[in-house]
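What follows is a short report on a single structure.
What follows is calculated from the coordinates using simple rules that are stated; it is not laboratory data. Quick caveat, the model's predicted, so the values are computed rather than measured. Neighbour counts are summed over all protein chains in view; Cβ atoms, including those assigned to glycine, are modelled from backbone coordinates with ideal geometry.
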Amino acid sequence: MKIKLYINQIRAAAACIKKKTPGFRPDVGFVLGSGLAKAVPPLDQILTVPYNDIPGFPRTTVPGHEGKLILGRAQGRAVAVMQGRFHYYEGHAMESIALPVRTLEYLGLKTLIVTAAVGSMKPNIKPGHLVVLNDHVNLMGRNPLRAFHEEEFGTMFPDMSDAYDPALGKILLAVCRRRKVVAHRGVYVAVGGPSYETAAEIRAFRILGGDVVGMSVVPEVIPARQMGMKVAALTWISNMAAGLPGSIQNHGDVLALGAKVSDDLRGVLADFLRAA
């Protein structure tokens, strides 16, 4: 895909959404990961737009990802919720995964909260716990900015030393504590997938400083930071990684636990809108 065609797709997607919601400029955006379709925070004046109705948006093919953009208002703020995301392992190009994030920025988005199901690489971080990311290690083999630079996106070489906003992370942790939801800080290791990791890979990732592992997040965070958004990531532990006690590697189990975690996460996101 050529850069000019790519920019035209972003503009067309933004124009489509603007036509459906004249004057709507999202202030906060959420990306809901695997099993979290029911974690949408309470919103007023809701408009739901299927991804299939938005030009340039890929189709979701993974169970547990609804494929809808939900727009609404809460706590006096305009909110955009991506109910489902796209993954590199589905065959989507990195720039296609970044397109919805860029579209939301074109609409005015300034703050992005990314969620995801992850595997725990630490015995004390258990299934059902939440982890607020403070950094990541990108082992996906690709970068979403590669070959798709345009000055209106921002610098070609964005600084990723503050990829995850410390202030937003503190708010998320404080909200979790108030709601008595167990939450940790951690480093995310991003891999291409879709196979789960081997026990040897997990041992290597731990040596690199990783706490949790997953197959998403990074392709959205990098372009969001390039475009100047404040970003935080709130992940939930769906399973213990390979080689750890209690390890389970099954997507069906991920979705089942996600349905239970969604209630907690829905409350956390609602409180975040009040606190941020």
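D159 versus Y89, label points 7 Å from Cα toward the beta carbon: distance in nm? So the two model labels end up 3.5 nm from each other.
Under the convention that each Lys and Arg Cβ holds +1 and each Asp and Glu Cβ holds -1, the size of the dipole of segment 133-218 around its Cα centre is about 700 debye. As a proxy for reagent exposure, ranking Y106, Y6 by other Cβ atoms within 10 Å from fewest up yields Y106, Y6. Take every Cα pair under 8 Å whose residues are at least 6 apart in sequence, average their separation, divide by the length of segment 3-275, and the relative contact order is 26 percent. For the residue pairs K20/K180; K20/K110; K110/K260; K180/K260, the alpha carbons lie more than 27 Å apart in K20/K180; K110/K260. Taking 20 °C and 1.002 mPa s as conditions, segment 130-276 diffuses translationally at an estimated 129 µm²/s according to Stokes-Einstein applied to its Kirkwood radius (Cα pairs). Candidates F157, V62, T115 compared by Cα position along the dipole of the chain: farthest toward the positive end lies T115, with charges placed on Cβ. Rounded to the nearest 20 debye, the dipole magnitude of the chain is 580 debye, with +1 charges on Lys and Arg beta carbons, -1 on Asp and Glu beta carbons, and the Cα centre as origin.
Among the listed pairs K4/K230; K2/K122; K4/K38, those with a Cα-Cα distance over 32 Å are K2/K122; K4/K38. Extension gain for E150-A275 works out to 41.6 nm (0.36 nm per residue, less the C-alpha to C-alpha distance). The phi torsions of segment 133-150, fed into the Karplus equation with coefficients 6.51, -1.76 and 1.60 and a -60° offset, translate into couplings of 6, 10, 5, 9, 10, 8, 10, 7, x, 9, 10, x, 8, 4, 6, 10, 9, 9 Hz, rounded to whole numbers, with Gly and Pro shown as x. For segment 1-133, the dipole from Cβ point charges (+1 on Lys and Arg, -1 on Asp and Glu) about the Cα centre works out to 220 debye, to the nearest 20.
Taking the number of Cβ atoms within 10 Å of each Cβ as an exposure proxy, the fewest-first ranking of T155, T48, T111 is T155, T48, T111.
Here each label is just a point 7 Å from Cα along the line to Cβ, and for K4 and K38 those points are 4.9 nm apart. Mean sequence separation of contacting Cα pairs (under 8 Å, at least six apart), scaled by the length of segment 160-276, corresponds to a relative contact order of 33 percent. For T235, neighbours were defined as the other residues whose beta-carbon sits under 15 Å from its Cβ, and their charges (Lys and Arg +1, Asp and Glu -1) total 0.
Computed from backbone phi, the HN-Hα couplings of segment 42-59 come to x, 10, 10, 6, 6, 10, 10, 10, x, 4, 4, 8, 10, x, x, 6, x, 9 Hz, rounded to whole numbers (Karplus: 6.51 cos²θ - 1.76 cosθ + 1.60, θ = phi - 60°; Gly and Pro given as x).
For the chain, the C-alpha radius of gyration sits at 0.94 times the compact-globule guess of 2.2 N^0.38 Å, with N the residue count. Each residue of segment 236-245 was assigned a 3J(HN,Hα) from its phi angle through the Karplus curve 6.51 cos²θ - 1.76 cosθ + 1.60 (θ = phi - 60°); the sequence is 10, 7, 9, 6, 7, 5, 4, x, 9, x Hz, with glycine and proline shown as x. Listed peptides 229-237, 174-182 appear in the order 229-237, 174-182 once ranked by packing, highest mean of other Cβ atoms within 10 Å at the front.
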